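Right, one structure below, let's go through it.
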Amino acid sequence: MAAPVPSLGEPFHRPLTHLEVKLEANRCLYCYDAPCMNACPTHIDVASFIAKIAAGNLAGSARVIMDANPMGASCARVCPTDQLCEGACVYKKEDTPIRIGDLQRYAVDAAMRDGTRLFEAGAPTGHTVAIVGGGPAGLSAARDLRRMGHAVTIFEAREMLGGLNTYGIVPFRLPIETALWEAEQVVELGAQVRTNVRVGRDLAMDALLAEYDAAVLACGMGGVPQIGIPGEELAGVWDALEFIERVKLGRGVGALGSRIAVIGAGNTAIDALTCSRRIARQAGAGGGEARVTMYYRRGERQMSAYGFEYEFAKQEGIEFRFFCAPKRIVGEGGRVKAIEFVRTRLETSEGGEAAVPVSGTEFVEPIDTVVRAIGQSRLVETFDRLGIAHDGGVVRVDENLQTTRPGVYAAGDCIFAKGTREAMVVEAAEQGKRAARSIDTYLRRGA
Amino acid sequence: MADLRSNLAGIASPNPFWLASAPPTNSGYQVMRAFEAGWGGVVWKTLGTPIVNVTSRFAGMNYKQNKMVAMNNIELITDRPLDENLSEIAKCKRAFPDRAIVASLMEVCERDAWRELVKRVQEVDIDGFELNFGCPHGMSERGMGAAVGQHPDLIARVTEWVVEASRVPVVVKLTPNVTDIRFPARAAARGGAHAVSMINTINSIMGVDVETWNPIPHVDGKSSHGGYCGPAVKPIALNMVNDCARDPEVGIPISGIGGVETWQDVVEFLLLGASNVQVCTAVMHHGFRIVEELADGLNRYLDARGIESVAEIVGGAANRITTWNNLNLNYKIVARIDQSACIHCNKCYIACEDAAHQCIDRVRQPGGSTNLVVDEGHCVGCNLCSMVCPVDECIEMVRVDTGRPAQSWKERAAAMGEVG
């Protein structure tokens, strides 16, 4: 089980007080066919759950939330609400939108605290479904399949369920307890769990399909790829996800030094930046403050991190260097000592905007720790081994989320096509739900 | 899940939530939508000789940012032909046989007219009648509605005519525009009514536009008094329901109406003696969908208390209401202010200082801040400070032991009489 986990200081977002909840819940207009609901990928009936908070029915409120979104507790903390529900709030034009995410957190936190049982398993159908991957998409599919009465086994490669919610988001944005509580909701519905099993390595896909009537592929993506420059093998060079995971599990990342560089500009980069800054600050008693800097080969406008994440990073004292790409990592005694960067500029061509190095603009920055956060690799080999058709590691699915293998469906990060928007927990949850519905139809048809 | 089934004088419904006879029950289309949403019963918009309505009919009472804490209306009964209404009632009943459909009726005070109306309406499969002796506007000028409800002898007489002709239970809907609701309720019981429902709307003028001097709402510059309803009338309704629930001469079930919007409102009406509730304004404000939360909230409330059926709570607190002279004079509470929750708006201070008993002190602290501290010796426990406080958990009214046994005014007067 999880080791005691450091919270690393103040949460990114503090919970609302009772007074704030009362004012905010009663300010909600209870719109009909509300825009906030329609803006949510999982279609949470926001007006209803807020009306229930106002009426003192917190358990009912939590049920409305979790019914639509099995990841409702995580999403209350990590969703880009300003782009989703709150961005659609009718108040946004002339006033501040209702703080929907915070109200959602209030209601779900109450259910977590009170141990409210929100759902029951459906009457057994006799069908069995294997879920490959216990992250947000897999758990959501498993939850709904259990409510429909299908027997479910989740195969999880890691020790704990929850996927990136458990391992990949810094604790001050998403505490591990929240991610594990969501997983526990699914387990309590009778989902069987086999952890430390990697399908395709420990268990062949054919064997799996011989045993189960259907399967959901929800294995996400791989680790952060290499940048492809000299020096990446040096001590002090991290994969951002491994870095965050060690921090989250309280396993320590050693001394980071006084100059920390994060390469990349997505939400995981922001997480790596803010948590290394907090670690360095905690460790750096006596010495000067560590400088934590983001290096990005494009500009501020091209950053894929959410605006509110970027703002948060600024407030945490992160420095930003745009239009520079690492050329090589310089080591000394097997450890990182510096990075040589080159300035870039954006060039527009038919293929879109590309960051092109400008020769002669090289500069060297003394660096003690480097964190790669340039996205995640695709599980190309895995899908090849599983015999699942894919496009460069993106699993090919039809409109019902069925893969090219009949009875095998896919959801979550493993089907997020390149160039589309940021993979969000809420999208993964919705796809998990959709996969469950499709499988239910498939099984009831008598496959 | 608790058993929410309800029964009002033989009229069964799957839950105690009915729609009151009002604009939301004007047509089959609306009633179908209401049943789909989960309402247990409806009282159809009053049937009678179709009338002609005016335009501009409703007005809302807002309190600061809160819209429609009450509303009033000058709309009359149905303006559609009886046959049309009856065919729609029949369709709704066929589509939702488990729900209650009660027909609200209004007629001139003539026996044959009432008998004829009852006869025609009960040709369709209705579950009960509700006699509209409550509408305070328009129809009352023609000797109907509240004009009947304000004369107990007329109530008893018309009720008798209807009960005589009816094959289904008869509910009498009462106007609150009387001095003592028990008298019309007793008259209904004398006339053979199987239940009473209350309250219909209260005489009201919503306001005057200070720029144009037009009344609100106005019809071409003029208005008449309208019927007032919504959350603001709930306390009046609760009192009337309870008055009737405790009166042995009334002795028939009560359908509670007046400002019901939340499941807590429902519980309050039931505890004080109503067997079910009827809702209108909340639906006019938010739509039929509110019934989902009424049912969910009530269910969870009952489950949390291990109460198996909603019927068990009917009248549960009815006898907690008594006369003033039975109240314990030696019960004492005082205000306690939680300094950590206080946001220093000083509303409690000024309320106590100017409108109560001057027992909250502003005590300067070493750091320069000010704490609000209750002088418990002088606090009379009136509640005002806790009422004006914007923070729910900040001011608590705490019981203090007076060291004296319970004694009511009645007992005290008797004791003093013995001494004297």
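Any read-out appearing in this document is the output of simple, stated calculations on the displayed coordinates, not a laboratory observation. On a predicted model such as this, the values are computed, not experimentally measured, just so you know. Ideal geometry is used to build each Cβ from the backbone, glycine not excepted, and the neighbour counts take in all protein chains shown.
Results, tabulated for the structure shown:
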read-out	value
Counting DSSP beta bridges with both ends in chain B, the antiparallel % (nearest 5)	50 percent
Shielding by partners - mean other protein chain Cβ count within 10 Å, residues of B:285-293	4
Under 28 Å between alpha carbons - lysine pairs in region B:6-320 that sit 8 or more apart or on different chains	18
Whole-Å semi-axes of chain B's equivalent ellipsoid (Cα gyration tensor)	43, 26, 22
Efficiency of FRET from Cβ geometry, residue A:116 and residue B:338, R₀ 35 Å, rounded to 0.05	0.80
Relative contact order of region A:237-372, defined on C-alpha pairs under 8 angstrom at six or more residues apart (%)	29 percent
Shielding by other protein chains, A:52-60, mean Cβ within 10 Å	5
Whole-number percent relative contact order across region B:324-419, with pairs defined as alpha carbons under 8 Å at least 6 apart	44 percent
Residue B:211-residue A:389 FRET efficiency (beta carbon distance; Förster radius 56 Å; 0.05 resolution)	0.20
With Cα atoms, 0 to 90° folded angle of helix B:111-121 axis to chain B main axis	90 degrees
Nearest-ten-degree value, helix B:290-304 long axis tilted from longest Cα axis of chain B	50 degrees
Anchor residue A:92: aspartates and glutamates whose Cα lies under 13 Å away (excluding residues fewer than 8 positions away in-chain)	A:82
Distance in nm between pseudo-label sites at residue B:305 and residue A:340 (7 Å out along the Cβ direction from Cα)	7.9 nm
Cβ-based net charge around residue B:404, under 14 Å, with every Lys or Arg adding one and every Asp or Glu removing one	+1
Taking A:212, A:409 and counting other C-beta atoms within 10 Å, the order from fewest to most	A:212, A:409
GluC sites (Glu not before Pro) within region A:206-261: DSSP coil, no more than 11 neighbouring Cβ in 10 Å	A:233
Neighbour-count order for B:130, A:94, A:353, fewest beta carbons within 10 angstrom listed first	A:94, A:353, B:130
Residues listed by number, region A:51-73, amide nitrogen under 19 Å from residue A:19 label point at 7 Å toward C-beta	A:54
Relative contact order (%) - criterion: Cα under 8 Å, at least six apart; region: chain A	17 percent
Whole-angstrom gap from region A:208-284 to region A:72-148, using each part's C-alpha centre	25 Å
Ascending count of other beta-carbon atoms within 10 Å, so fewest first, for B:211, B:396	B:211, B:396
Label-to-label distance, nm, for residues given as residue B:392 and residue B:33 (7 Å Cα→Cβ offset)	3.2 nm
Bridge type composition, chain A - antiparallel percent by DSSP, nearest 5	40 percent
Within chain A, helix-based [θ] at 222 nm, where runs of 4 or more DSSP H residues each add -39,500 (n - 2.57), nearest 500	-10500 deg cm²/dmol
Ellipticity estimate at 222 nm from DSSP helix runs (n ≥ 4, -39,500 (n - 2.57)) divided over chain B, nearest 500	-9000 deg cm²/dmol
Residue B:66 versus residue B:91: modelled label distance in nm, points set 7 Å from Cα along the beta carbon direction	3.9 nm
Rounded to 5, the percent of DSSP beta bridges in the protein assembly as shown classed as antiparallel	45 percent
Nearest-0.05 FRET efficiency for residue A:242 and residue B:326, computed from C-beta distance (R0 56 Å)	0.15
Reachable lysines from residue A:327, criterion Cα separation under 22 angstrom, eight or more residues apart if same chain	A:337
Helix axis angle, B:409-419 relative to chain B longest principal axis, alpha carbon, degrees	60 degrees
